[in-house]
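Data block below; observations after.
Rule-based calculations on the coordinates, nothing more; no lab input. These figures come from a predicted structure and were not determined experimentally. Quick reminder, even Gly has a Cβ in these numbers, built from the backbone with ideal geometry, and neighbours come from all protein chains shown.
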Amino acid sequence: MRVPPRPPLAGLKRSIDRGRANQSIKPRDGFVRETFRLPRTDARAKAREWFDRWPKQAYWTEIESWFERPGDIIEFTIRRLPTAD
């Protein structure tokens, strides 16, 4: 019995590479994200502005990550859903 030859994988590799490249640009989970680097007081005000404008209960708004940088600078990423259904 003859074993069939393997299919060419160049097209599959290109497709996978394209998908990975697009994924690094924008996550495909439906959330809107924005990253800020602000002094501590301004960072608190910006986070409060987001939570007031897009309430957590409706938009699943949350601080996704945050870091303290030198000079009392806070870098944080906040995310929310684009609409409240």
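Which log10 I(q)/I(0) values, to two decimals, does the range 31-85 give at q = 0.25 Å⁻¹ under the Debye formula with one point per Cα?
-0.92
When the chain is fully extended, how far beyond the present Cα-Cα distance does Ala84 get from Glu64, taking 0.36 nm per residue of separation? Write out the running numbers ahead of the final one.
Working: separation 20, 0.36 × 20 = 7.20 nm, distance 1.87 nm.
Net length gain for the segment: 5.3 nm.
As I understand it, the dipole of the chain uses +1 on the Cβ of Lys and Arg and -1 on the Cβ of Asp and Glu, about the Cα centre. Which of Pro4, Ala21, Phe51 lies farthest toward its positive end?
Pro4
For the chain, modelled as a Gaussian network with Cα springs under 10 Å, which listed residue fluctuates most, Pro55, Pro70, Pro39?
Pro70
Could you work out [θ]222 nm for the chain from helices alone, using -39500 (n - 2.57) per DSSP H run of at least four and dividing by all its residues? Round to the nearest 500 deg cm²/dmol. Write out the running numbers ahead of the final one.
Details: 3 runs with 34 residues, N = 85.
One gets -12000 deg cm²/dmol as the mean residue ellipticity at 222 nm.
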